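Q: Have a look at this one.
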Amino acid sequence: MGGSASQLPRDLLGEYQELTFLTKQEILLAHKRFSELLSKEERESILQKRVPKSKILTLPELRANPFRDRICRVFSTSEDGDGSMSFEDFLDMLSVFSDSATSEIKSHYAFRIFDFDDDGTLDRKDLEKLVNCLTGEGDETRLSESEMDQLIQNFLQDRAVMALRPF
Amino acid sequence: MDMVLSSEVFLPDADNTSPSVTFLQELPSYQSILRRRTSAGGTQDRRQNNHGFARPPAAAKRNFVERAGVKSEAVVRSIREYALNIPEKRKLRDIQEANVKYLSGWDQLKQTRNKSWKKFLDETKELSSYLELWRNDIHSIEGKFGTGIKSYFSFLRFLVLLNFIIFVLMFSFITLPSTISQYGVLNSSYVKVPPKDIEPQCTVYTISGTKGLVYFYTYIIDLLSGTGFLEMTSLFYGYYRIDMVHFSAIKYNLPLAYLLTTLVYLSLSLIWIVKRSVEGFKQSFVREEDPFQSYCNKIFAGWDFCITDPNASRLKHSSLKYELKTDLEEERLRQKKARRTTEEKLRIYCLRIFLNIFVLALLSGCFYSIYRATIYSQENISNVSSKMTFEGNLFVQYLPSIVITLANFIAPLFFSYIIKFEEYSPAFEIRLTLMRCVFVRLANIGVLLFSLGNRIVCANEKCKACGYNYELYPCWESRVGQEMYKLMIFDFIIIFAVAVFVDFPRKLLVTYCSCKPIQWCGLQKFQIPENVLEIVYGQTICWIGTFYSPLLPAIATIKYFIVFYIKKISLMHTCRPSKKSVRASSSNFFFLAVLLIGLILAFIPLGLSMTRIRSSKACGPFVNFNSSWDVVPRTIRGFPTALQKVLNGIASEAFAVPFFMVICLIMFYFIALAGAYKRVVDQLREQLVMESRDKQFLIRKLTEAQKRS
């Protein structure tokens, strides 16, 4: 946890400041939190390691979030699609969610998070899943069929799908 | 968030979905949007070759980064505004840097300058965030209770800062010169010009109770009500009985400074509040317009990503469900309402009129009782107070404050009860109740001041000599200051007492006693509107009182500082988050709007007393003037003639009326412009819907044709 080996090199810190919306303090804090997710031996090579999705989801900020799976999937750059995140993916995620990110970036990622089937469009199925996530896990918290219909009717009005347009 | 939907007729045939989507993604408009979407403020530099792209949601992963052409423009979009992950952003940055050498020397210079300027801005922002008061406290509140309640606390922080700045202003321009001249620091001296042409009886001013042996508790009463030994300190207006302060070479006109500082702090508050509310206004204005927009916002922006506590998240889920259900319910009600018969409408309107009359009756009852309480209190203060006991004395002093607090407590209960019978839509119900509560609170202060004013100014011979009631109120401004001081202290005592004697016992009862009625009551919810009204009420008192008591803002700062911690502790330990969540942006706007109403209402008594009522002849800086405002014309008369003419011209009707007309014209122009834009936006929206329908139709036809061939 302590020790200079687990500190971020200065130039890398500067680079991350340039490439993300995070401040220096926030990047260092992210580094600390990320290294806590790794075991002691892995901390040496923090920048190369990927943390499996199950561990990421233990973070308190994500644990309470109904969209945690989608978030991991969207920000993960792993080729196998298993949702594991490297440190840079983690920084990306924090950068998009930070206060200083522009609304274009936020809306772009929001669209991708809400697009449950990854087809580039938000159709009725996506919206249903979205509303169910919002109202809570478990069957008793869902809206009734008729309410869901009324809601989605209002939403799409007489359309059926939303595409990746200025969201 | 501008929602533009493309439509696709959802064909039951599963085969048709994938080709249509592929067609959609091949459309040139889609491609250009992908390329253009990530340039922040895309309207800024259309000519530029944009390198931004979105990670294509389709399975095909094309690497747009390598498609980047040579940049011909010097302005580089900040890299972090591209929606790429970090390795791709690195590649993009390397390409950009490689392209730099193709630019001319001047462009390179501009680029490096822009970069270093941005870096500098970032660093200053980071540093300034450390200076922010209570940053960590507010963050933790946000995490546990959501952004609605957090906005209450940032509002409180704003008021602490505002009051502190007002205090610094008043102290440095009024109190400091007076005090240092009285002690001769820095070679300063003061001049007291004796009043001329004034009846001698107007200048008699003795402070009761400071001579001889007094009971010890008199000091406590004096501390709590600003009388006795406090009256002649720099806390109140009466202390500043100086006409001019001489600092070696400079002459400092204290009366002018007093008046101007008052005007400055009022305008500063106004400007700061308007500036803050403009940011919130833009968002909340767009939001409430359309039911479609509000659904969009609830669903896409409904989840509060700051929540970390699992209990809080469960509550957020249920509150979202509750919100969605109530919205749907409201819509059903609206449809039902549209189908109301004339009979029902008539019945409801009659009921509403009757209830409003009831409300007016209640308000008049409140106002009358405040009036009587003030009169009674003022009459008995003037009586020799040594005959009364400590409690009796204190009670008489604080009677108006007690009555006002009772009225502020009872009226909202009554309003929230009767609003149910008036059958408005839920959103309108909330707004109407709030407006009524705001009105009651602020009008109560107005009634107090009015009843005081009535006693100070009178029409009979008592006041003829000096223009005000000099027997009862030799220094009436100090007396008004004392009333405001008492109101503020009492307000603080009430907040503290409610937190300690109501909230904590309630929590203990609910935790340890399991009988039905108590469990049904439950823990209290943090009611944002009531709390906001409480602090706006306190702030209005501060604004009105600062003219009569220049050190009052310091007391207000300390009071709000302590109130922050009281509320925070009470929130964390005794409250449960409420089901009805309040949205942050609209809350911000609501808080500032109510504060603005308070400020404007504060202008009225100040304006009237500064211009209409004769300033006291026995104390204060305006002894030699007819009214407080009088110092300005007199100073202007000392200016060179040319300047005098200009200033007189500005103040005359010949200037004011055309100026007012020009302002009205400009305002009408902007209103018309806004209306025209709205119409254009609606038209364009309809057109887009039509276009997308056509597009889908054509794609469907194309797919069918493809299949057939």
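Q: So which aspartates and glutamates can B:LYS345 reach, going by Cα to Cα under 15 Å and dropping same-chain residues fewer than 8 places off?
A: Partners found: B:GLU422, B:GLU423.
Q: Between B:LYS119 and A:LEU47, what FRET efficiency comes out of the Förster formula 1/(1 + (r/R0)^6) with R0 = 30 Å and r the beta carbon distance, rounded to 0.05?
A: Efficiency, from the Cβ-Cβ distance: 0.80.
Q: Taking the Cα centre of the stretch B:98-208 as origin, sum charge times position over the Cβ atoms of Lys and Arg (+1) and Asp and Glu (-1), and report the length of that vector in debye to the nearest 20. Mind showing how you got there, number by number?
A: Numbers: 13 positive and 9 negative charges, 125 e Å.
My answer is approximately 600 debye.
Q: Also, I was wondering about something else. Exactly which chymotrypsin sites (Phe, Trp or Tyr not before Pro) in the stretch B:111-215 are in a DSSP loop and have at most 14 other Cβ atoms within 10 Å?
A: Those satisfying the criteria are B:TYR183, B:TYR215.
Q: Per residue of A:75-81, how many C-beta atoms from partner chains lie within 10 Å of its own C-beta, taken as a mean?
A: Partner-chain Cβ atoms within 10 Å, mean over residues of A:75-81: 1.
Q: For the interface of A with B, what's the total buried accessible surface in square angstrom, probe 1.4 angstrom, rounded to the nearest hundred?
A: About 5900 Å² of accessible surface is lost on pairing.
Q: If amide hydrogens are placed 1.01 Å from N in the peptide plane, which non-local residues have theirs closer than 5 Å to the one on A:ASP123?
A: For A:ASP123, the qualifying residues are A:MET162.
Q: Starting from the 7 Å offset along Cα-to-Cβ, what nm value, one decimal, do you get for the label separation of B:LYS196 and B:ASN356?
A: The two pseudo-label positions are separated by 5.8 nm.
Q: Hey, another quick one. Which entries in A:LYS24/B:LYS144; A:LYS53/B:LYS89; B:LYS336/B:LYS420 show an alpha-carbon gap greater than 21 Å?
A: In this structure, A:LYS24/B:LYS144; A:LYS53/B:LYS89 exceed 21 Å between Cα atoms.
Q: For B:SER140 and B:VAL646, what is the calculated FRET efficiency with R₀ set at 45 Å and r taken between the beta-carbons, to the nearest 0.05?
A: Numbers: r = 56 Å, r/R0 = 1.24.
With R0 = 45 Å, the Cβ-Cβ based efficiency is 0.20.
Q: Take the alpha-carbon centre of the stretch A:50-64, take the same for the stretch B:136-205, and report the distance between them in whole Å.
A: Computed from Cα coordinates, the inter-centre distance equals 50 Å.
Q: In whole Hz, with x marking every Gly and Pro, tabulate ³J(HN,Hα) for the stretch B:446-451 from phi via Karplus 6.51 cos²θ - 1.76 cosθ + 1.60, θ = phi - 60°.
A: x, 5, 4, 5, 5, 5
Q: For an R0 of 22 angstrom, estimate the FRET efficiency from the Cβ-Cβ distance between A:LYS125 and B:LYS707 and round to the nearest 0.05.
A: For A:LYS125 and B:LYS707, the calculated efficiency is 0.35.
Q: Run the simple label-point estimate for B:ILE271 and A:LEU12 please: 7 Å along Cα→C-beta, distance reported in nm.
A: Placing both labels 7 Å beyond Cα along the Cβ direction yields 4.8 nm.
Q: Mind checking the mean number of beta-carbon atoms from other chains within 10 Å of the Cβ atoms in A:84-94?
A: 2
Q: Averaged over B:324-336, how many beta carbons belonging to a partner chain fall within 10 Å of each residue's beta carbon?
A: Partner-chain Cβ atoms within 10 Å, mean over residues of B:324-336: 2.
The values are calculated or read from the model by the stated rules, or taken from the named source; none is laboratory data. Every value quoted in this text rests on a predicted model; they were computed, and no experiment measured them. Cβ sites come from the backbone with ideal geometry, for glycine too, and all protein chains shown count toward neighbours. To get the accessible areas, we keep the full protein, side chains included, count just its heavy atoms, and leave off ligands, DNA and RNA. Shrake-Rupley method; radii C 1.70, N 1.55, O 1.52, S 1.80 Å.
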